Amino acid sequence: MEKGYLNIEELSEYLGIKKSTLYAKVAKRQVPFYKIDRLIRFKKTEIDRWVNSLRQEPIRTNKKAREILKGLNSRKTDVNSLVKDCIELVKRNKYNPVQREPDHYKGLGKEAKDGTL
C-alpha cells in the first residue's frame with residue numbers, strides 16, 4: 001500500500017530536489033503542506049497536482065522565428081540596419097544604466113537662477 005503523506009526526506013527523493021529547497025518552499029508557502037505539531041507532511045496527490053501546475057509549455061522555435069521575421073520589414077533583414085534601429089530605440093527611450101556614477105556637480109539646489117548662492 002502506498003503512503004498518502006510524505007515527509008521532507010521522502011518528498012525530496014520523490015521530486016529529486018534538495019531538502020533545503022523544500023524547506024525554503026515551505027517557509028515561503030510555495031508548496032502545499034500540512035504541519036502537525038512540528039512535523040511537516042505533504043499529501044502526495046496534492047504534490048502531484050502542484051507539480052502539474054508548474055508545467056511549462058515548450059516554445060515552438062520555428063513558429064516564434066516566423067512571427068519575428070513577419071514583423072520585420074524586408075529592408076530590416078540586414079543585421080546592420082537592425083542594430084541601428086535598436087540603438088535608436090534605446091536612445092529614444094533615454095536608457096540610463098542602473099549603476100551609473102552620481103552627478104557630483106549638481107549642487108545643493110539653493111542657488112539663484114544665475115547660479116550664485
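Within a 10 angstrom radius of the beta carbon, how do V79, V26 rank from fewest other beta carbons to most?
Sorted ascending by nearby Cβ count, the order is V79, V26.
Based on the Kirkwood radius over alpha-carbon pairs, what is the Stokes-Einstein translational diffusion coefficient of the range 5-53 at 20 °C with 1.002 mPa s viscosity, in µm²/s? Don't skip to the end; give the middle numbers.
On the way: Rh = 10.7 Å.
Rounded, D is 200 µm²/s.
Please order D37, D78 by the number of other Cβ within 10 Å, starting at the fewest.
Values: D37 4, D78 11.
Listed from fewest to most nearby Cβ atoms, that is D37, D78.
At a Förster distance of 22 Å, what's the computed FRET efficiency of L89 paired with R66, Cβ-Cβ distance as r, to 0.05? Write out the running numbers ahead of the final one.
Values: r = 22 Å, r/R0 = 1.02.
According to the calculation, E is roughly 0.45.
Bear in mind that the values in this text are calculations on the coordinates, not laboratory data. Remember, predicted model here, so these are calculated numbers, not experimental data. Neighbour counts are summed over all protein chains in view; Cβ atoms, including those assigned to glycine, are modelled from backbone coordinates with ideal geometry.
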